[in-house]
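Reviewing the structure listed below.
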Amino acid sequence: MLHRFILFIGIILFTFSCGEDDSGECNGICTEEFKSINVEITDSEENPVVLDSIALRDITNNREIDLNSTENAGNGFYSIFNDNLVPEYKNEEINLLFKGFKEENLILEQEYKVGADCCHIYHVSGPLKIQLD
């Protein structure tokens, strides 16, 4: 009986130790998956749109964000926020402005709301699929 009681107390203590404390520090166990918020951009015929460049701005804090997103520019998917930004944006939600350029012309401008907890980023609002005419 004593062993069951000790096991029960251990489980309770472990469960409560896996959350965040009041200081916002992460005491839990984060998954090792890498999360990224991606936007798919297509033309009116559902073909991927290849942009020459993109710009990301944290309009909440008026800062540029560099994700080196040109590496995935060939397939119409563009990363706008990823887990590399968790340390900078931990426990925050921000407004983000995504701009897409082709031949130095701005062809797309879209606002998003994104955030980060102590482990991963997450999407709050803004379209993840955009079809250009």
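Coordinate-derived values only; no laboratory data. Since the structure is predicted, the reported quantities are computational estimates derived from the model, not experimental observations. In this analysis, Cβ positions are derived from the backbone assuming ideal geometry, glycine residues included, and neighbour counts consider all displayed protein chains.
Could you tell me which of Phe81, Ala55, Gly115 has its Cα farthest along the dipole of region 35-131 towards the positive end, charges placed at Cβ (Lys, Arg +1; Asp, Glu -1), taken about the Cα centre?
Most positive-ward Cα: Gly115.
What list do you get for Ser125, Ser36 if you sort them by fewest beta carbons within 10 Å? Kindly include the intermediate steps, with their values, before the conclusion.
Values: Ser125 10, Ser36 16.
In order of increasing Cβ crowding within 10 Å: Ser125, Ser36.
Taking neighbour counts of Cβ atoms within 10 Å as a proxy for exposure, in what order, fewest first, do Val124, Val49, Val114 appear?
In increasing order of surrounding Cβ atoms, one gets Val124, Val49, Val114.
At a 10 Å Cβ-Cβ cut-off, how would you order Asp58, Asp66, fewest neighbours first?
Values: Asp58 19, Asp66 9.
Fewest-to-most ranking of Asp58, Asp66: Asp66, Asp58.
To the nearest 20 Debye, how big is the dipole of region 35-131 about its Cα centre, given +1 on the beta carbon of each Lys and Arg and -1 on that of each Asp and Glu?
On the way: 8 positive and 18 negative charges, 53 e Å.
Using Cβ point charges on Lys, Arg, Asp and Glu, region 35-131 gives about 260 debye.
Charges at C-beta only: +1 for Lys and Arg, -1 for Asp and Glu. How large is the resulting dipole of region 80-133 about its Cα centre, in Debye rounded to 20? Don't jump to the answer; show the numbers that get you there.
Values: 5 positive and 10 negative charges, 22 e Å.
Dipole size: approximately 100 debye.
Considering only DSSP beta bridges whose two residues both sit in region 35-131, what percent are antiparallel, to the nearest 5? It would help to have the intermediate numbers written out before the result.
Values: 30 of 33 bridges.
In region 35-131, approximately 90 percent of DSSP beta bridges are antiparallel ones.
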